[in-house]
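Data first, discussion second: the structure below is written as structure tokens.
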């Protein structure tokens, strides 16, 4: 039987990215994304629903995300679902569904706090889609 595991999400970070480096030198960045949905009930009332998703990024992508993102910033991520399972110290089985990032795209431009200059007349370029191959002097915004 064939299978397919692909997720595309767009939302805002709920906290600053957490970057860690393993003993072998692999960078791991943990993100938490809030994805909002608005719908109308049978009674005609508008309701908002927020889903929180934990995302793990690895390697150069992890380093880029931690360098350029912060709490509240929008991002689009593409990845795959992964089920983490573990047992607590009390012997209870736990599980959590998360996303392993495969690709991402920055959404929007720089915010006013991080813009270069109010006198800069050049418009901000569109954010490039990242494949984790940014060079140090590349600016993804």
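Derivation of every value follows stated rules applied to the coordinates shown; laboratory data play no part. In this text the structure is predicted, and so the values were computed from the model without any measurement.
Structure notes:
- Distance histogram in 5 Å bins (all Cα pairs of the range 69-110, percent per bin): 6, 17, 17, 16, 13, 11, 10, 6, 2, 1
- Both radii are taken from the alpha-carbon atoms of the range 18-60; with Rh as the Kirkwood radius, Rg/Rh is 1.36.
- Kirkwood hydrodynamic radius of the range 1-106, Cα pairs, Å: 15.5 Å
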